[in-house]
1. Taking the Cα atoms only, what angle lies between the long axis of helix 41-69 and the longest principal axis of the chain, rounded to 10 degrees?
2. Below 8 Å, C-alpha to C-alpha, sequence gap of six or more: please give me the relative contact order for region 7-105 in percent.
3. Given the Cα-Cα distance of residue 103 and residue 18 and 0.36 nm per residue of separation, how much length would full extension add, in nm?
4. Considering the values (i) 66, 16, 12; (ii) 32, 16, 10; (iii) 28, 16, 13, which represents semi-axes √(5λ) of the Cα gyration tensor in Å as calculated for the structure under consideration?
5. Full extension from residue 10 to residue 25: what is 0.36 nm times the residue separation minus their Cα-Cα distance, to one decimal in nm?
6. If you scale each eigenvalue of the Cα gyration tensor by 5 and take the root, what three semi-axes come out for region 65-106, rounded to whole angstrom and sorted largest first?
7. Starting from 0.36 nm per residue, how many nanometres of slack lie between residue 34 and residue 74 once their C-alpha separation is accounted for?
8. Against the longest principal axis of the chain, how steep is helix 76-105, in degrees 0 to 90 to the nearest 10, with axes from Cα atoms?
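Read-outs: derived from the displayed coordinates by stated rules, not from any lab. Predicted model only: the values in this text are computed from it and were never measured.
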C-alpha cells in the first residue's frame, strides 16, 4: 500500500512549517547581525537553544506523521532517531531556557 503523502499536510503541519520558517529567519538575522548587542552570551545561548528547538519540531513532526501513516521498516532508523531526538531536544530547550534566565538575572 503506497504512502499517501498528501495526508501529511494538516493544520498542525502548516503551523509548524510557518513557525520553523519564522524562527529560522529570526536566528539568521541574529547570526548575521554585526551589532555588538547580539554578541552577548544570552544571544549565543538563544541561538543554540533555537537550533535545537527547530530540530525538535522537525523530529516531532516526523514522529507524529509516522504514527499517522506508518512509514514502514524502510524508515525505521530515521523514526527511531526522531523519537530519541524529541526527548533530547526538549531537555536541551529546558536547559537553554534555564541558562538564559540565569544569564538575565546575574
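1. Tilt of helix 41-69: around 10 degrees.
2. On the way: 56 pairs, mean separation 34.9, N = 99.
Result for region 7-105 is 35 percent.
3. Working: separation 85, 0.36 × 85 = 30.60 nm, distance 2.92 nm.
Contour length minus Cα-Cα distance gives 27.7 nm.
4. (ii)
5. Details: separation 15, 0.36 × 15 = 5.40 nm, distance 2.28 nm.
Value of the extension gain: 3.1 nm.
6. Details: eigenvalues 237, 15, 4 Å².
They are 34, 9, 5 Å, listed from largest to smallest.
7. Numbers: separation 40, 0.36 × 40 = 14.40 nm, distance 4.49 nm.
Taking residue 34 through residue 74 to full extension adds about 9.9 nm, to one decimal.
8. Between helix and principal axis, roughly 20 degrees.
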